[in-house]
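For reference, the structure discussed in these notes is given below.
The values are calculated or read from the model by the stated rules, or taken from the named source; none is laboratory data. Quick caveat, the model's predicted, so the values are computed rather than measured. No Cβ is skipped: glycine too gets one built from the backbone with ideal geometry, and neighbour counts run over all protein chains shown.
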2 protein chains.
Amino acid sequence: MSAVPIALPHHRYDVVIEAGALERLGEQLRPLASAPSALLVFDQAIADTHAPVARASLARAGYETVAVPFAGGEERKTLDTVRGLYDVLLAQRFERRSPLVALGGGVLGDTVGFVAATFLRGVPFAQCPTTLLAMVDSSVGGKVGVNVPQGKNLIGAFHQPVSVVADPRVLRTLPARELRCGLAECIKHAVIRDPALFGWTRARMPDLLALDPDALVELVARNVAIKAAVVIEDEKETGVRAHLNLGHTFGHAIEAAVGYGRILHGEAVALGLLAAASLAESQGVAARGLRHEIEDVVARAGLPCAAELPDDARLEEAMALDKKVAAGKIRFVLPQRVGSVVIRDGVPVAAVRAAWTSIRR
Amino acid sequence: MSAVPIALPHHRYDVVIEAGALERLGEQLRPLASAPSALLVFDQAIADTHAPVARASLARAGYETVAVPFAGGEERKTLDTVRGLYDVLLAQRFERRSPLVALGGGVLGDTVGFVAATFLRGVPFAQCPTTLLAMVDSSVGGKVGVNVPQGKNLIGAFHQPVSVVADPRVLRTLPARELRCGLAECIKHAVIRDPALFGWTRARMPDLLALDPDALVELVARNVAIKAAVVIEDEKETGVRAHLNLGHTFGHAIEAAVGYGRILHGEAVALGLLAAASLAESQGVAARGLRHEIEDVVARAGLPCAAELPDDARLEEAMALDKKVAAGKIRFVLPQRVGSVVIRDGVPVAAVRAAWTSIRR
């Protein structure tokens, strides 16, 4: 078992990473949430595989569990879905100590987390990520929220989970395309601050794509540790946490402009990572060759290195709506080399357009 | 000028209490929220009186201000209103450092505060309460949220303001019934922990009802200090902050059962205070005579001591839906004497019914 502690100034929790961890969800949660009832929101795609495992574990720990399926992707990460879950909780008379358990990917976790953040001004929340992306990224850090027609994650809160249970066994049912999306965030973490992990990921890529259990546990643990270190340094994203946005200023704009669901988040991040590397090179932040070095690993993961994109005006408008706009200026996180990034604003529009061109098919 | 500092572990702000303070809102806010734009949500009832004062002050401090009127009461404190404000912020491309200013009563402040808590995962928020109730209660403490058809304040968050500006001059345009509602919370604070304030309030009641400026500044400052002390001890309401719920378990049920808007919050709290005192006497928590002592001051404030209420079943259902239900049991905050309260659960249903009867007309 690998347990990565997340020790924030006012709250502490563990990310448990282990094959079979989902079977121990209930006992993990019991000391942390004392009410008789629990809400389990599960991804419809795992209704017959992992959801019964989680439900049985909650029952063994004495929770009367209300289980609600969640179907669909980003298009369901909305205030309407949130309202529907409020109605379930209100109808069942859920109390402040009743835990909400999110068993699914990042979309599901973000949505259920926002419900947990805002129901009765905040109730206990457990993340059971079922995608690699959610394991290494969204389930750690406390960012929760939903999309609005104007953009992604524009409504949300910071609400830390009481526990995160990452069971690599659940990845067996994950579509290969989704697994690759998780690898995009892992590559991003390595580029931000871990050259050794970058090399390890490149070398173990065949094992990771073949779902080798030991490789997956190590991958998740090392990536959660990076994410956790950054989150602990800067819980509310006023400083270094912004480094995690590497590739995301481009990536979010790609998702918004191309349309949620038509391109997956991890694919957009991979493209954004490459655009950021190209921009870093053109701005003299990185030496020539960095884009190529990163693109090599991105390609080995089976992630896209180019895509059909809308015109510049559409992309720029989407970028201007992103949350990471300070005083009207777009701030970019740019890689200096593998293992180090810097933040730049005031980047010329022409350079940003050239970066878009570098990932346009 | 009276400034009460609110020093939480991770955040500090001042409650400025002064005649004319609203004219200095902009300069107060500028060091705390650096963006070029501000959103001012103001109570429609003060569109021609205090709103222009606030707006001019924001303009002098260099804020390009979007001003949005808010009309109505509890029935407008909804997720639909929240969505409408999100749309304004998104259309205007508000950023993370853009402040949201709530100029109005508690309903408006709670709603705008919830928008501030959840827009871009939290933006700066300033409270400019225009009712006595909001000055001494809802503007301090960081509780924000909205109502749902199932009950009051069931959706919400904790989001501390960056500043609170309480200008007693704005109370000149407040209806007398609203002023009395504020006095209900002041009486509550005194019963919880300040016998001297209880006596002072009783003695100065004619001056307070006549809007004597010195009396109002002292009243607000002393009450904010009590609220602040409790909030600082217990920001997230896990312990002593529950004492502030004195009168509210009954009060919220009255509002829900009678109908929001038909009875005002302060009136429901006054009735709840009397019901809690009767329950305290019947349970042997307080000596006989406490209800009478409190009722005397409640009556001097012109607040109701009885009301037409629905039947017990309706009231009990409303009570069971309240947030302060732990493990299925209703917890009551009960006064032992003026200046001291205790928390009790497992109170017999018959005793609760007798307390309802004691305030039924």
**Asked** Is at least one residue of the stretch A:295-315 touching a residue at least 60 places away in the same chain (Cβ under 8 Å) and either closer than 30 Å to B:Ala33 by Cβ or not assigned by TED's automatic domain parsing to the domain that holds A:Ala203 (or both)?
**Response** yes
**Request:** Consider B:Gly73 carefully, then state whether it is surrounded by fewer than 18 Cβ atoms within 10 Å (Cβ to Cβ), closer than 28 Å to A:Thr118 by Cα and either touching a Cys at 6+ places or on another chain (Cβ under 9 Å) or not hydroxyl-bearing (Ser, Thr, Tyr) (or both).
**Result:** yes
**Residue that is nearest to the chain's Cα centre (by Cα) [pool: residues in the stretch B:122-163 that are assigned to a strand (DSSP E or B) and among the small types (Gly, Ala, Ser)]** = B:Gly145
**Request:** Please go through the stretch B:80-134 and pick out each residue that is within 11 Å of another protein chain (Cβ to nearest Cβ) and among the hydroxyl-bearing types (Ser, Thr, Tyr).
**Result:** B:Tyr86, B:Ser98, B:Thr118
**Fill in**
Residue set B:Ala54, B:Ala35, B:Ala71; condition within 14 Å of chain A (Cβ to nearest Cβ) and either at positive phi or not β-branched (Val, Ile, Thr) (or both); output residue B:Ala35
**Item:** Tally, over the stretch A:14-34, of residues that are acidic (Asp, Glu) and closer than 18 Å to A:Val170 by Cα
**Value:** 2
**Request:** Output the residue which, of all residues in the stretch B:198-237 that are touching a His at 6+ places or on another chain (Cβ under 7 Å) and among the hydrophobic types (A, V, I, L, M, F, W, C), is nearest to B:Gly339 (Cα to Cα).
**Result:** B:Ile226
**Asked** Which one of these is in contact with a Cys (Cβ under 8 Å, 6 or more places away or on another chain) and at pLDDT 95 or above: B:Leu103, B:Leu120, B:Leu89, B:Leu171?
**Response** B:Leu103
**Prompt:** Does A:His265 satisfy the condition of being under 18 Å from A:Glu185 (Cβ atoms), within 24 Å of the chain's Cα centre (by Cα), crowded, with 21+ Cβ neighbours inside 10 Å and within 14 Å of chain B (Cβ to nearest Cβ)?
**Reply:** no
